[in-house]
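Trainee: Would you mind keeping the following structure in view while I ask a few things?
The values are calculated or read from the model by the stated rules, or taken from the named source; none is laboratory data. Owing to the predicted nature of the structure, the values given are computational and were not obtained by experimental measurement. Cβ placement follows ideal geometry from the backbone for every residue including glycine, while neighbour counts extend to all protein chains displayed.
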């Protein structure tokens, strides 16, 4: 699959739901109604984004996506530290600096394999933050990424 055919889909689910959704996506399933599909990138570009966001909000912790299930190579889960960073990003602004979301979006679109505009990147970041914000600490749901 060429980079132009690549996409990621980010969604909130329990592990069994995520495995089921991965099967649907592997079979060519349509975008999920409550998911974010980002065309033209892979899990690598999302990991870059998480690292940029962590630096912007001065957060430590793992930002690398984790394999969600050994039986499904394309399915990843976001570590808790990355979820917190993504959720915090739209509200974070250091004194005398641009809003963190704008700065991160600007840095992200400068990466070699990120094929969209600043405005699109900002929209993707806001959507990721909204998904991260849907997670409840007491729930078995996690933030998943499927990479085509």
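Trainee: Of the conditions (1) under 16 Å from residue 42 (Cβ atoms); (2) surrounded by fewer than 15 Cβ atoms within 10 Å (Cβ to Cβ); (3) modelled with pLDDT of 95 or more, residue 113 fails just one. Which one is it?
Mentor: Unmet for residue 113, out of (1) under 16 Å from residue 42 (Cβ atoms); (2) surrounded by fewer than 15 Cβ atoms within 10 Å (Cβ to Cβ); (3) modelled with pLDDT of 95 or more: (3).
Trainee: Anything in the range 116-133 that is surrounded by 15 or more Cβ atoms within 10 Å (Cβ to Cβ) and over 20 Å from residue 54 (Cβ atoms)? List them, or say none.
Mentor: Residues satisfying the conditions are 116, 120, 123.
Trainee: Oh, and also: Which one of these is touching a strand residue (DSSP E or B) at 6+ places or on another chain (Cβ under 7 Å) and assigned to a helix (DSSP H, G or I): 132, 68?
Mentor: 132 is the lone residue from the list that is touching a strand residue (DSSP E or B) at 6+ places or on another chain (Cβ under 7 Å) and assigned to a helix (DSSP H, G or I).
Trainee: In this structure, does residue 75 turn out to be in contact (Cβ under 8 Å) with a residue 40 or more places away in the chain and assigned to a helix (DSSP H, G or I)?
Mentor: Taking the combined requirement at face value, the residue does not satisfy it.
Trainee: Only one residue in 22, 18, 6, 100 is touching a helix residue (DSSP H, G or I) at 6+ places or on another chain (Cβ under 8 Å) and in contact (Cβ under 8 Å) with a residue 12 or more places away in the chain, so which one is that?
Mentor: Going through 22, 18, 6, 100 in turn, the sole match is 100.
Each row is one residue, and each column tells you yes or no for (1) within 17 Å of the chain's Cα centre (by Cα); (2) closer than 24 Å to residue 136 by Cα; (3) outside any loop (DSSP other than H, G, I, E, B).
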| site | (1), (2), (3) |
| --- | --- |
| 19 | no, yes, yes |
| 23 | no, no, yes |
| 50 | yes, yes, yes |
| 62 | yes, yes, no |
| 83 | yes, yes, yes |
| 86 | yes, yes, yes |
| 97 | no, no, no |
| 102 | yes, no, yes |
